[in-house]
Structure formats: structure tokens, C-alpha cells
Amino acid sequence: MVDKFVPPESAAQAADMFKQAATQSVDQARKAFDEALAATRKTLGGIEENASEVQDRLREVARDSVDFASQSAEAAFSLVESLARARSPEDALALQKAFIEQQMERLGRQTRQIGDQAVRTMQGLTKPFES
């Protein structure tokens with residue numbers, strides 16, 4: 001609240017008015033700073049709480065990625081073994097066609113799974129900024 005300005009009657013009164021205004025400004029600035037600092041600490045606390053959850057999700061994505069690579073490699077080895085036993089070029093072509101179809105289905109499932117995990121991870125990252 002701003003008081004109506006009254007011209008000072010003396011230098012001492014002017015100095016007192018200046019001190020009062022300066023003190024009030026410092027108090028307001030300190031209050032604003034303290035509020036900003038409290039909000040920052042609250043946000044950092046939320047980030048720290050969610051860091052473990054986010055790390056767990058990232059580990060899950062990494063484990064799944066290794067599993068996906070293993071599945072793809074195993075499928076490729078199986079294809080090579082099957083191709084070695086193929087009795088004709090038509091059989092080999094049918095094996096390759098089936099392999100490609102299975103790989104595309106697998107890739108679609110894996111992509112959806114990693115996408116879902118990425119969305120959950122990002123939601124965990126933004127949780128401290130909600131509310």
C-alpha cells in the first residue's frame with residue numbers, strides 16, 4: 001500500500017522516509033526471493049523423488065532393447081538354419097517371406113512397447129512440474 005506523499009519538513013524526516021521506503025523495498029524483494037526459492041526447492045525435491053522412477057524405466061527400456069536384439073538375432077539364426085535345409089528355391093523364398101513378416105510384426109510390437117515406455121518415462125519427468 002502506498003501512502004499519500006507528504007513533502008518532508010526537514011532533512012531528518014526525508015532521511016527517515018528514505019530509510020522506510022528502502023526497508024519496505026528490501027522486505028518485498030526478500031519475500032519475493034524467498035517464495036521463488038521455496039518453489040525451486042519444491043521442484044527440485046519432486047525431481048529427486050522421480051529420479052529413481054525414471055532410472056528404473058530407463059533400465060527397463062535398456063533391458064527390453066537387449067531382449068529385442070536377442071530375439072531378432074535368434075530369429076535370423078533360425079532362418080539361416082531353415083534356409084540350409086530348404087529343398088528348393090521356392091521353399092527358401094517362402095521361408096524368407098515368413099521371416100520378414102514375423103520380423104515386421106515383432107518390430108511393430110517392440111516399437112509400441114518402447115514408445116509406451118518412453119511416454120511413461122516422460123510423464124515421470126514432468127510430474128514435479130504438475131500442480
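Each value in this text was obtained by applying a stated rule to the coordinates, not by laboratory testing. All figures in this text were calculated on a predicted structure; none of them were measured in a lab. Positions of Cβ are generated from backbone atoms using ideal geometry, with glycine treated the same way; all protein chains shown enter the neighbour counts.
Things worth noting here:
- Taking the chain and dividing mean pair separation by its residue count, relative contact order in percent (alpha carbons under 8 Å, at least six apart): 43 percent
- C-alpha long axis of helix 89-126 to longest principal axis of the chain, angle in °: 10 degrees
- Highest mean packing first, where packing is the average number of other Cβ atoms within 10 Å per residue, the peptides 23-32, 75-84 line up as 75-84, 23-32.
- Non-local Lys pairs in the chain, i.e. 8 or more apart or on different chains, that have alpha carbons under 19 Å apart: 4
- Helix 11-85 and the longest principal axis of the C-alpha atoms of the chain enclose an angle of approximately 0°.
- Loop-located trypsin sites (Lys or Arg not before Pro) in region 52-131 (DSSP state not H, G, I, E or B) with no more than 11 neighbouring Cβ atoms inside 10 Å: Arg87.
- Pairs of alpha carbons in the chain whose separation is greater than 18 Å (percent): 75 percent
- Among the GluC sites (Glu not before Pro) found in region 91-131, those both in a DSSP coil and sparsely packed, with 14 or fewer other Cβ atoms within 10 Å of their Cβ, are Glu130.
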